[in-house]
Every structure is written in structure tokens, then in C-alpha cells.
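Below is one structure, written out as C-alpha cells; the observations come after it.
The values are calculated or read from the model by the stated rules, or taken from the named source; none is laboratory data. Keep in mind that this is a model prediction, so the values were computed, not measured. Virtual Cβ from ideal backbone geometry, glycine too; neighbours counted across all protein chains shown. Side chains are part of the model used for accessible areas, which takes the heavy atoms of the whole protein and leaves out ligands, DNA and RNA. Shrake-Rupley method; radii C 1.70, N 1.55, O 1.52, S 1.80 Å.
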Amino acid sequence: WVHQASALQDAVPPTPSTEPKDRSLLVFAANADNRSILMQRMAQQLAGRGNIISTTPLAFFEQEVLLFWPLVIQQLQLKGYFPSRLRPETEQALALKLWGQESISRLQAFEVASVYRWMRRILDLIHWAASSGTPLTQIAPRLKAGFSILSLPDGLAELVQQLALQWQNWCLTRGLLTYGLMTDLFWQYLLPHPTYRHQLSQRFSAIAADDIDNYPAIMRSLFEQFLERGM
């Protein structure tokens, strides 16, 4: 795709006078390294024509959730805390304090692994579920289906789901955000909102994406918003 960047010259048409003047071409790359290379090539080919905003899927989710936070808390009926991003180290420390040793010990009875390994598994599971468009309330049945051959101990899948939901609720009521939670908020609450959809069409004239096989599955929903509007 990078080698075809010159084709984007025709994809950035002059903005009609009846449309917002500051609309941009939104360009996605799979990661920060790819983004840097891609934007260098596009800058050379487009020679300053059109306004380009480049990002990665995760960075876009974070930006949009923070920018449209009032829409999110309105739907979830949360207090108006100013959102704060948790660093991974802080996330793990707070999750361990919230869940307690007793809950982790029940998980360790299934597989002897360190506290931090089990904790990281659940936090990663929250992110994976959000990236795939799976509500956290579906974690238990998905785990049972995936481990059907192993026959999980009674209550294990439900415990993992309970801990994931407990962490989600605890963070959201305090305005604390992680990549997994921001991804979940974006596809479940922000993207379907009509006000947000309208704002997308006002802010961006078109969308382009490189290496989409490496993207979270929920990016399809975002792409479809643009396709449905002929953008």
C-alpha cells in the first residue's frame, strides 16, 4: 500500500464550498513504526495537498474516547470525573488490590501460575474481548466453548468474567481508563452514537488504512461508517 501512495492524490479532492473547510484525510497504520514510514511516503507524494491526520487504531480509540467523554458518561450514567489513563504498572497494582488474594488463589487451583500472570491474563482478556467486539458478559460462555475438551472446573469461567466486570465497573466509576476499557467504550457506546457519527463525517473527508489484517476486528465497524456515507 505504501508503494501506491501516489494514488491518494486523487483521493483527496478539493473540499466543496458547502462542506466544512477543515475536514481531513484520516490515515491508519498498524503500529507507530509503520505509521512513521507511511507518513513520510505520503508527505512526499501528496506534497502538502490536503490535511492528513495519521494514527493507529489504539491511539485513535484513546483520542476519541477522551475527546467525546461526555457522550460516554451520559450513556453509562457516570459521574463527571475527568478521565485518567492508567499506566500498565498502576493497572496491575490496582487490579490486585481490588480482586484480592482469595480470588487469585481460586484461579491458581486450576493452574499453578504466579499471581501476576493470572492477573495479566484477565486484564489481557478484557482487551482481547473489546478488540473482537465481544461484551465482557460473554467471557464465561466463550471460555467454556474454547476449553470444552479440557472441561473447566465448575465456576472458573464465571469467576474470570466476574473479575473482569468488577474491574471494568470499578475503573469507570472513578474515571480510570486502560487500553482495554477505552477500546470497549469506543465500539459499544461511542461509535453507535448518532452525534458521534455526525461528528466523524464533519471532521474527516475520507479514510485510508494500511495492513488492516493486523487491526482489531472492531475497526470494521468504523470503516463501514465511512463506506455507508460514500467516504
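Quote the relative contact order of the chain in percent (integer), defining contacts as alpha-carbon pairs under 8 Å separated by 6+ residues.
Averaging sequence separation for qualifying contacts and normalising by length gives 32 percent for the chain.
Order 51-60, 222-231, 180-189 from most to least packed using the mean count of other Cβ atoms within 10 Å.
180-189, 51-60, 222-231
I'd like the distance between the alpha-carbon centres of the range 173-190 and the range 67-98, rounded to an integer number of Å.
Here the answer is 7 Å between Cα centres.
Can you tell me the orientation of helix 219-228 relative to the chain, as the angle in degrees between its alpha-carbon axis and the longest Cα principal axis, to the nearest 10?
Around 40 degrees separate the two axes.
How far, in degrees from 0 to 90, does helix 88-108 lean away from the longest principal axis of the Cα atoms of the chain, to the nearest 10?
30 degrees
In what sequence, highest mean first, do 78-84, 168-174 appear when ranked by Cβ atoms within 10 angstrom?
168-174, 78-84
Explain nothing, just the number: dipole magnitude of the range 38-107 about its Cα centre with +1 on each Lys and Arg Cβ and -1 on each Asp and Glu Cβ, in debye rounded to the nearest 20.
Once rounded to the nearest 20, the dipole reads 140 debye.
Along the charge dipole of the chain, which of I207, W170, A157 sits closest to the positive end, that is, farthest toward it, with unit charges on the beta carbon of Lys, Arg, Asp and Glu (+1, +1, -1, -1)?
Of I207, W170, A157, it is W170.
Which ³J(HN,Hα) values in Hz, rounded to whole numbers, follow from the phi angles of the range 135-142 under the Karplus curve 6.51 cos²θ - 1.76 cosθ + 1.60, where θ = phi - 60° and Gly and Pro get x?
x, 4, 5, 9, 4, 4, x, 5
Below 15 angstrom from the Cβ of N31, what's the summed charge of the other residues (Lys, Arg +1; Asp, Glu -1)?
So the environment of N31 carries a net charge of -4.
What does a probe at R106 reach in the range 123-149, counting residues whose amide N is under 14 Å from the point 7 Å along Cα→Cβ?
Zone members listed by number: 140.
With +1 assigned to the C-beta of every Lys and Arg and -1 to the C-beta of every Asp and Glu, and no other charges, what is the dipole magnitude of the range 151-231 about the Cα centre in debye, to the nearest 20?
Charge dipole, the range 151-231, about its Cα centre: 440 debye, nearest 20.
Magnitude of the Cβ-charge dipole of the chain, K/R +1 and D/E -1, about the Cα centre, nearest 20 debye?
For the chain, the charge dipole is close to 380 debye.
Could you tell me how many degrees, from 0 to 90 and to the nearest 10, lie between the Cα long axis of helix 57-67 and the main elongation axis, the longest principal axis, of the Cα atoms of the chain?
The helix 57-67 is inclined about 90 degrees to the chain.
How much mean residue ellipticity at 222 nm does the chain get from its helices, if each DSSP H run of length 4 or more adds -39500 (n - 2.57) and you divide by all residues, to the nearest 500 deg cm²/dmol?
-17000 deg cm²/dmol
Within the range 112-170, what whole-number % of the accessible surface is contributed by carbon and sulfur, with the 1.4 Å probe and all protein chains included in the calculation?
Taking all protein chains in place, the range 112-170 shows 58 percent carbon and sulfur surface.
Please give me the summed charge of the neighbours of A43: other residues whose Cβ is under 15 Å from its Cβ, Lys and Arg +1, Asp and Glu -1.
+2
Before I look further, what does the range 93-185 give for accessible area per residue, probe 1.4 Å, in whole square angstrom?
On a per-residue basis, 50 Å².
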